[in-house]
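Q: I'd like to ask you about the structure that follows.
The values are calculated or read from the model by the stated rules, or taken from the named source; none is laboratory data. Model, not experiment: these values are computed from the prediction. Please note: Cβ atoms are built from the backbone with ideal geometry, for glycine as well, and neighbour counts cover all protein chains shown.
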Amino acid sequence: MKNLPAKIKQNFIVLGNWEKAKQAIALCKNIDEVKAIRDKAEALRAYAKQSDESLEMQNQCAEIKIRAERRGGELLKDTARDQGETDKTIRSHDVTLSPPPKLEELGISKNQSHRWQQIADVPNKKFEIHISTILKKKDTELTTRSVLNLAKSLKREKARKENASIVETNICEKPKLNYYQTIVIDPPWDISEMGDNEPFARSEPTYASMTIEQIINEHIEQYAANNCHLYLWTINRMIFIPEQIIKAWGFRYVTMLTWCKETIGMGNYYRNNTEHVIFCIRGKQALLRNDVGTWFVAPRGTGGHSSKPQEFYKLIESCSPGPRLDYFARNERIGWDVYGGEL
C-alpha cells in the first residue's frame, strides 16, 4: 500500500481488521449501517484494483462488501416478514401503524434489494465454502456475481429435485401402441452433453433433464401409426442433435418450424428468443392445409419456463390429423391423448 494516499491507506487499515469488520456487519441493525460498510468496502476494492494492489487485497475488500450485502438482504427479508405481520394486524384490528420505509427511502434500488436477498438465501455453510474457496485461489476475483450465480444454481437444483419427485410419484397411463397419426414431443434436453457448463449458468433448466440416449429409448415409434406426423421440439443449442433421434425412431426429416417469442429468453451468449420444431413423417401423410409458413409468433405458454404456446397446438390441429398424442405433456388437452410425469 506504499503508493496509496494517506487517507485511503488509513481506510484500508481501519477496514483491514477483517474479523472486526465481520463482527460489525453481524451487529448491523438497519440498512444505513449496512450501506456505510458496504459502500466503503466497495470504494476501497475499486481503488485497490485501480492502483494495482494485489488480488488478495482486492478480494478482502470484496469479501466485506459481499458480507454486508448478505446482511442487508437478511434485514430486508425481516422487514418483508414484519410487513406481512403488520398487514395481518391492520386487517384484524382498526389500528394505525407506521408503514415500513420504502426502498428509495433506504437509499437502495429494487434491483439491489433483489440481489441482496438472493445472497441472503444461500445457506450459511455453502456461502462460507464459496467465499473461502475463492479466497484460497491466487488468480480468481471474488465478486457479487459469483455469489448470485451460486444462489441461482441452488434454486434451480432445488426446483429440479422437486420436479423429479413429482415425476416419480405421478402415475400416467401409457399411450396406445401403433395408433397416433400426429405426435408432439418436447424432450427435457440435457444441455450439459453439449459441453455447455458455462459460469453464467443462465441456461440451466429447473426440471429433471434426459440424455440423448434416454430420449431415444422412449421409443416414440411404437406409438406411431403407419402414416404419422412427428413434431419434435428442440432448442438452438441442440439444433444438430434431433437427426440421430429421428432416424432411431424411423421417421424422416421434412422441414423445421420456428417459434418467435415475444420476450427475450435465456442463453449464455446470445439470449434465445426462438425455439424450433422439427417436422418429420413416417409413411405418407399429407397436411390438412397448404397455406402455412414455417414460422409463427406467439407468447409463452402459461406453465412457466419451457411451456409451449397454445397457438402452436391450434396450428397443429389445423394441419395434422388425429388421433394426436402430446408426449411429455404438462397438462390435459381436449382432443389429445397426453403422457407425462407432471400431469
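Q: Considering segment 52-74 alone, what residues qualify as being within 14 Å of Glu33 (Cβ to Cβ) and surrounded by fewer than 20 Cβ atoms within 10 Å (Cβ to Cβ)?
A: Selection gives Glu74 alone.
Q: Do you know which residues across segment 48-79 are more than 17 Å from Trp18 (Cβ to Cβ) and not basic (Lys, Arg)?
A: Restricting attention to segment 48-79, the residues satisfying the condition of being more than 17 Å from Trp18 (Cβ to Cβ) are 49-52, 72-79.
Selection gives Gln50, Ser51, Asp52, Gly72, Gly73, Glu74, Leu75, Leu76, Asp78, Thr79.
Q: Could you check, for segment 275-282, whether at least one of its residues is within 15 Å of Ile183 (Cα to Cα), charged (D, E, K, R), in the same structural domain as Ile185 (by TED's automatic domain parsing) and in contact with a Ser or Thr (Cβ under 7 Å, 6 or more places away or on another chain)? I'd like the intermediate steps shown before the answer.
A: Looking only at segment 275-282, we keep the residues that are within 15 Å of Ile183 (Cα to Cα), and these are 277-282.
Right, trim to charged (D, E, K, R) and you get 282.
Narrowing further to those that are in the same structural domain as Ile185 (by TED's automatic domain parsing): 282.
From the residues that got through so far, the ones that are in contact with a Ser or Thr (Cβ under 7 Å, 6 or more places away or on another chain) too are none.
No; the residues of segment 275-282 include none that is within 15 Å of Ile183 (Cα to Cα), charged (D, E, K, R), in the same structural domain as Ile185 (by TED's automatic domain parsing) and in contact with a Ser or Thr (Cβ under 7 Å, 6 or more places away or on another chain).
Q: Of all the residues that make up segment 311-338, how many are surrounded by fewer than 18 Cβ atoms within 10 Å (Cβ to Cβ) and either among the acidic types (Asp, Glu) or outside the structural domain of Val184 (by TED's automatic domain parsing) (or both)?
A: Total satisfying the criteria: 3.
Q: Within segment 63-81, is there a residue that is modelled with pLDDT under 65, assigned to a helix (DSSP H, G or I) and either in the same structural domain as Lys138 (by TED's automatic domain parsing) or of a type outside the set (Ser, Thr, Tyr) (or both)?
A: Looking only at segment 63-81, we keep the residues that are modelled with pLDDT under 65, and these are 81.
From what is left, the residues that are assigned to a helix (DSSP H, G or I) are 81.
With either in the same structural domain as Lys138 (by TED's automatic domain parsing) or of a type outside the set (Ser, Thr, Tyr) (or both) added as a condition, the list becomes 81.
Checked against the condition, which is being modelled with pLDDT under 65, assigned to a helix (DSSP H, G or I) and either in the same structural domain as Lys138 (by TED's automatic domain parsing) or of a type outside the set (Ser, Thr, Tyr) (or both), segment 63-81 yields at least one hit.
Q: Can you name the condition, by its number, that Glu19 falls short on among (1) at pLDDT 85 or above; (2) among the charged types (D, E, K, R); (3) over 34 Å from the mean Cα position of the chain (by Cα)?
A: Result: Glu19 passes all but (1).
Q: Additional query: With the requirement that a residue be within 15 Å of Thr274 (Cα to Cα) and surrounded by 19 or more Cβ atoms within 10 Å (Cβ to Cβ), what does segment 217-237 give you?
A: From segment 217-237, those within 15 Å of Thr274 (Cα to Cα) are 232-237; that's our starting set.
Residues satisfying the conditions are Leu232, Trp233, Thr234, Ile235.
Q: So, one more: Of all residues in segment 38-62, which are aliphatic (A, V, I, L, M) and either within 14 Å of Leu135 (Cβ to Cβ) or at pLDDT 90 or above (or both)? Even if it seems obvious, please write down each step before you answer.
A: The initial filter retains those residues of segment 38-62 that are aliphatic (A, V, I, L, M), namely 41, 43-44, 46, 48, 55, 57, 62.
Matches in segment 38-62: Leu55, Met57, Ala62.
Q: Only one of Ile119, Ile134, Ile129 is surrounded by 14 or more Cβ atoms within 10 Å (Cβ to Cβ) and over 20 Å from the mean Cα position of the chain (by Cα); which?
A: On the way: Ile119 fails: over 20 Å from the mean Cα position of the chain (by Cα); Ile129 fails: surrounded by 14 or more Cβ atoms within 10 Å (Cβ to Cβ).
Unique residue meeting the criteria: Ile134.
Q: Taking segment 220-235, which residues are assigned to a strand (DSSP E or B) and either of a type in the set (S, T, N, Q) or under 19 Å from Lys308 (Cβ atoms) (or both)?
A: Going through segment 220-235, the residues assigned to a strand (DSSP E or B) turn out to be 224-234.
Selection gives Asn226, Asn227, His229, Leu230, Tyr231, Leu232, Trp233, Thr234.
Q: Limited to segment 249-269, what total is found for residues that are surrounded by 12 or more Cβ atoms within 10 Å (Cβ to Cβ), of a type in the set (A, V, I, L, M) and part of a loop (DSSP other than H, G, I, E, B)?
A: Result for segment 249-269: 1.
Q: Scan segment 157-165 and give yes if some residue there is under 24 Å from Asp78 (Cα atoms), in a helix (DSSP H, G or I) and either of a type in the set (Lys, Arg) or at pLDDT 90 or above (or both), otherwise no.
A: yes
Q: Counting just the residues of segment 180-215 that are modelled with pLDDT of 95 or more and more than 23 Å from the chain's Cα centre (by Cα), which one comes out surrounded by the most Cβ atoms within 10 Å (Cβ to Cβ)? Quick ask: steps written out before the conclusion?
A: Residues of segment 180-215 that are modelled with pLDDT of 95 or more, as a first pass: 180-185.
Going one step further and asking which of them are more than 23 Å from the chain's Cα centre (by Cα), we end up with 180-184.
Working: Tyr180: 25, Gln181: 19, Thr182: 22, Ile183: 28, Val184: 25.
Residue satisfying both the conditions and the ranking: Ile183.
Q: Given the conditions (1) touching a His at 6+ places or on another chain (Cβ under 9 Å); (2) charged (D, E, K, R); (3) free of Cβ contacts under 8 Å to residues at least 60 places away in the same chain, which single one is not true for Arg282?
A: The failed condition is (3).
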